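K.L.:
Sharing a structure here in structure tokens format.
Quick note: the coordinates plus some simple rules give every number you see, no bench work behind them. None of these values were measured; they are calculated from a predicted model. Cβ coordinates were reconstructed from backbone atoms using ideal geometry, including for glycine residues, and neighbour counts include every protein chain displayed.
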Amino acid sequence: MSTELSVWVAAILSLAMFSFLYRENAVYRVAEHVMVGVGTGVTVLLALYFVLIPVVWKGITAPKDATSAAWTILFTLLGVLFMAPFVPRLGWLARIPCGIAIGYAAGQTLPAAIQARLFPQALSTIQGVGDAGSAWAVINALVVLVGTTSVLVYFMMTVRRGAALNAVSRVGVVFLMLGFGAVYGNMVISRFTILIGRLQFLFGEWFHILPT
Amino acid sequence: MQKLLNIDRRVVFLGVALVLFLGLVLRPVIPLPPSSEARKVFDAVEAVDADQAILIAMDYGISSRAELDPMSRAALHHAFGRGARVLCVSFDSGGAPLAESMLGAVGLELGKVDGVDYVFLGYQPDITAAIMEMGSSIAGAFPDVDVDGETVPTDSVAVMDGVTGLADVALALEMTGSKHYQKWVDFANAQFGLKLCTGATGAIVTGQYPYLASGQITGLLRSTRGAADYETMVTKAYGGLEPDASSKMSVLFLGHLLMLAFIALANIGHWATRRDAQEAE
Amino acid sequence: MLAAALDGGRNGGGGEAVKRCVLAAWLLLLPLTTMAQDAPNWFRPDGGWILVGVLAVGALVATGILQGRAGRAIETRPIAGLVAAEDAIGRAVEMGRPVVFVTGTQSITKPGTVAGLSVLRLVAEKCAETGARLIVPCIDTIVTRIATETVEEAYRQAGRHDQFVPDDVFFVSNRQLAYTAAVNGVIEREHPATVFLQGEFSAESLIFGETGSRAGAMMIAGTDKETQLPFFVTTCDHTLIGEELYGAGAAISEDAQLLGSLRGVDLGRAAVLALVALGIVLEIAGVGWLRTVLGG
């Protein structure tokens, strides 16, 4: 058996989390609260060492120039507004950084979505048909084309549907379910791998009973 | 037949644990030919000349280590085997220390020098802003780096000679279990033309196939299978890599057989129960 | 340009003052150009008509919104998960057990989170009307703030502000697995009659789905993360698939602007279908122009 304290702590916490598979219990609850506590601690440390010290503190006390210091102070103050709800009368001020965050994300996403997703994926669908050199490639391209079309029709929410659109939409559902099946299969690989990793840790690193 | 649908879930858990444990002990060998998408990753790294820069992004934390660590380790061995300069980064706050530690360990194992052959650029909280900045200046996004425990300006490190922005990077390998790959596709590839390969957990890999088909991603490592394929190819070409994902593949195979058996049993039970109900009506 | 402006100024005429102003402005702005930094181009001469794409998408969405504002009736197709929400809350009242609402595991910058908060508004209104207890554990501090305001407002509008319990909308942890473990604990301990999982989820979706099902709760899920939908489809009673989550937000609010934007997105989808169809016709005809436009 391992003589390292860290291995023992990790092994006991792993078993405590596994105990949830039997039923909810006090040991699991302890492990759950340890995770929440450690997670919060890590978050505070990360904020301190990756944002507050290098960006805010150094940005103000040792700036590249006056302009960069001014920007740092301005955006730090905007960030501080997130804490406005602690003073009920000033709670509305938190909406300013919230609005900036949402606007920034939306502005950043739209051109990227057009450039990196809409155009290349439309092009890929078109090229699939245009460049198909073999019977198999033609079938492949047609499957992609029918799948793309029918799923787009399925997600049309405000279009009144007749029999034809309903039929196309139902084909879209079939494609969605096939896609979900593929995701599910991959997820099984993922989950099994994590479990195998844990078992290797418990029986290998902790108990030393696995062949090397 | 109703019993088949009412199997206690704890029996299922126990069955899975037993089968996987047996697999770990018995270690059956199941040879698998490398998948085409993993072969593309291998070929992309092979196309990088000695002294060119490869960027490896380990954007994952503890929960994805089992699947992605073998890929990252194989990628580091492969890049060092090619004689390429390795720049490493992590946009996962929990994963950054793990990434730095793995880079240091592999570098030490292969006799590579920190700051000369490789460098860990660090972690930034805003991945999009950092990638945009890296497009024109990697040192702008990561002004300082730690080399042998000492903090120095990124520009002053030997491994960064001639590397200013992403245009000076020959290839990027993005390992992730989250949507971070989307940022690399959206900004690093689409805006700066960075050649990109990805390694993904099973949970998110399906979403990456459209990008592989369109050529935005050059190669793709699919979960443990992709990691095992890549590991095998790197070991065959350069040696010196302990099998990690490969050792899990045969155990996975047994687990999958058990899953198929459970699915079959449940469907038989469901079908029979429905038939009985119809007959009763 | 400078020479032309100076020439215009010497020759006089009606536009002289305007030209002088333009020249002055240009000279004033000149030093600012030294501050310019390199940045990715919006309009690439080698193909990617990104700006045209952005403007086209913007125009389509604007058209939809204008149609909505102009009072044009926009109907949305019924979403099964939404129809079931009312019954699910009634079930909670009958059983005397709470409703748990999870707004996803992402920040407020994600569209899925915003849509999840719209559904929260509906659920909070129904809970306030019927007196069901609503528990909202959050993963993000800003989301916690908005969720608290949303729930409090719903209770106020229902005239039951006294029944609003601020402690039932709370921040847990922004670490994914810690949050997951804590929500699992809440579901196991509180035995909710109904669990709503509405927003953007990651690997924890299956864990939530399984825990809720095991606790005997009615599960109504919705997410725009395609990779997580299979787990909701298999473990939950009702699932809002992808954009249905956004549609739900618009349908609930009956807000003309939101419905209009939904209409605009549908117009965008129709445009994509038309683009693909045009591209295939051009491919068959041997015309490669659209490839160039799309960046091929």
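K.L.:
State the volume of the convex hull built on the alpha-carbon positions of the range C:188-296, expressed per residue in Å³ and rounded to an integer.
P.N.:
134
K.L.:
Counting each DSSP H run of 4 or more residues in chain A as -39500 (n - 2.57), what helix-only mean residue ellipticity at 222 nm follows after dividing by all residues, to the nearest 500 deg cm²/dmol?
P.N.:
Rounded to the nearest 500, the figure is -22500 deg cm²/dmol.
K.L.:
Scanning chain A for trypsin sites (Lys or Arg not before Pro) in DSSP loops with at most 14 other Cβ atoms within 10 Å, what's the longest stretch left with none?
P.N.:
A:65-159
K.L.:
For chain B, build the charge dipole from Cβ charges (+1 Lys, Arg; -1 Asp, Glu) around the Cα centre, then report which of B:120, B:2, B:227 sits farthest towards its positive end.
P.N.:
B:2
K.L.:
Follow-up. Once each part is reduced to its C-alpha centroid, what is the distance from the range C:158-204 to the range C:66-140 in angstrom?
P.N.:
13
K.L.:
Against the globular-protein guess of 2.2 N^0.38 Å, express the Cα radius of gyration of the protein assembly as shown as a ratio, rounded to two decimals.
P.N.:
That ratio works out to 1.02.
K.L.:
Moving on to the next point. Return the whole-Å distance between the Cα centroid of the range B:1-62 and the Cα centroid of the range A:133-212.
P.N.:
17
K.L.:
For the protein assembly as shown, give the share of DSSP beta bridges that are antiparallel, in percent and rounded to the nearest 5; count only bridges with both residues there.
P.N.:
The antiparallel proportion sits near 10 percent.
K.L.:
Please get the size of the charge dipole for chain B, origin at its Cα centre, with Cβ charges of +1 on Lys and Arg and -1 on Asp and Glu, quoted in debye to the nearest 20.
P.N.:
My answer is approximately 1460 debye.
K.L.:
Here is a further query. Hey, can you list the DSSP H helices of chain A whose Cα span along the axis is 15 Å or longer and whose average Kyte-Doolittle score is at least 1.0?
P.N.:
A:5-18, A:26-46, A:66-80, A:135-154, A:163-199
K.L.:
Check cross-link reach from residue B:248 to the aspartates and glutamates: straight Cα distance under 19 Å, and skip same-chain residues fewer than eight apart.
P.N.:
Straight-line reach from residue B:248, under 19 Å: A:205, B:67, B:69, B:229, B:231.
K.L.:
Hey, got the dipole for chain A? About the Cα centre, +1 on K and R Cβ, -1 on D and E Cβ, debye to the nearest 20?
P.N.:
660
K.L.:
Let me ask something else. Based on alpha-carbon atoms only, what is the radius of gyration of chain B relative to the globular estimate 2.2 N^0.38 Å?
P.N.:
Compared with the compact-globule rule of thumb, chain B sits at 1.18.
K.L.:
On C-alpha positions alone, give me the angle between the axis of helix B:223-238 and the longest principal axis of chain B, in degrees, nearest 10.
P.N.:
With both axes taken from Cα atoms, the answer is about 50 degrees.
K.L.:
Mind listing which trypsin sites (Lys or Arg not before Pro) in the range C:123-211 are in a DSSP loop and have 15 or fewer other Cβ atoms within 10 Å?
P.N.:
C:160
K.L.:
Can you list the HN-Hα couplings for the range C:228-239, worked out from phi with the Karplus curve (6.51, -1.76, 1.60; θ = phi - 60°), rounded to whole Hz and with x for Gly and Pro?
P.N.:
These are the phi-based 3J(HN,Hα) values: 9, 4, x, 6, 6, 4, 7, 9, 10, 6, 9, 9 Hz.
K.L.:
Per 10 Å bin, what percent of the C-alpha pairs of the range A:76-171 does each bin hold, from zero upward?
P.N.:
Final binned percentages: 13, 22, 22, 16, 15, 10, 2.
K.L.:
Still on this structure, I have one more. Taking a ≥ b ≥ c as the square roots of the Cα gyration tensor eigenvalues, with a/c under 1.5 meaning rounded and otherwise prolate when a/b beats b/c, else oblate, which class fits chain A?
P.N.:
Judged from the Cα gyration tensor, chain A comes out oblate (a/c at least 1.5, b/c at or above a/b).
K.L.:
Turning to a different aspect of this structure: Dipole magnitude of the protein assembly as shown about its Cα centre, charges +1 at Lys/Arg Cβ and -1 at Asp/Glu Cβ only, in debye to the nearest 20?
P.N.:
Dipole magnitude for the protein assembly as shown comes out near 1540 debye.
K.L.:
Right, something else. Does anyone have the angle between helix B:36-46 and the longest principal axis of chain B? Alpha-carbon axes, 0 to 90°, nearest 10?
P.N.:
With both axes taken from Cα atoms, the answer is about 20 degrees.
K.L.:
Something else: Are there GluC sites (Glu not before Pro) in the range B:55-126 that DSSP marks as loop and that have at most 13 other Cβ atoms within 10 Å, and which are they?
P.N.:
When the GluC sites (Glu not before Pro) of the range B:55-126 are filtered for loop state and at most 13 Cβ neighbours within 10 Å, nothing remains.
K.L.:
Which loop-located GluC sites (Glu not before Pro) does the range C:72-150 contain, where loop means any DSSP state but H, G, I, E or B and the Cβ has at most 14 other Cβ atoms within 10 Å?
P.N.:
Here the GluC sites (Glu not before Pro) that fit, given the DSSP loop and packing criteria, are C:75.
K.L.:
Any chance you could list the semi-axes, whole Å, largest first, of the equivalent ellipsoid that the Cα gyration tensor gives for the range A:154-210, using √(5λ)?
P.N.:
After scaling each eigenvalue by five and taking roots: 48, 9, 4 Å.
K.L.:
Taking a 30 Å limit on the Cα-Cα distance, which of the listed pairs B:112/B:195; B:112/C:225; B:112/C:110 fall beyond it?
P.N.:
B:112/C:225; B:112/C:110
K.L.:
I would also like to ask the following. Round to the nearest 10 and give me the degree value, 0 to 90, for the angle of helix B:9-26's Cα axis relative to the longest principal axis of chain B.
P.N.:
Between helix and principal axis, roughly 60 degrees.
K.L.:
When DSSP beta bridges are limited to those with both residues in the range B:36-243, what percentage is antiparallel, rounded to the nearest 5?
P.N.:
Around 15 percent antiparallel, to the nearest 5.
K.L.:
Now for a different question. Need one word for the range B:144-204: rounded, prolate or oblate. Basis is the Cα gyration tensor (sqrt eigenvalues a ≥ b ≥ c); a/c below 1.5 gives rounded, then a/b vs b/c decides.
P.N.:
Note, shape of the range B:144-204 comes out oblate.
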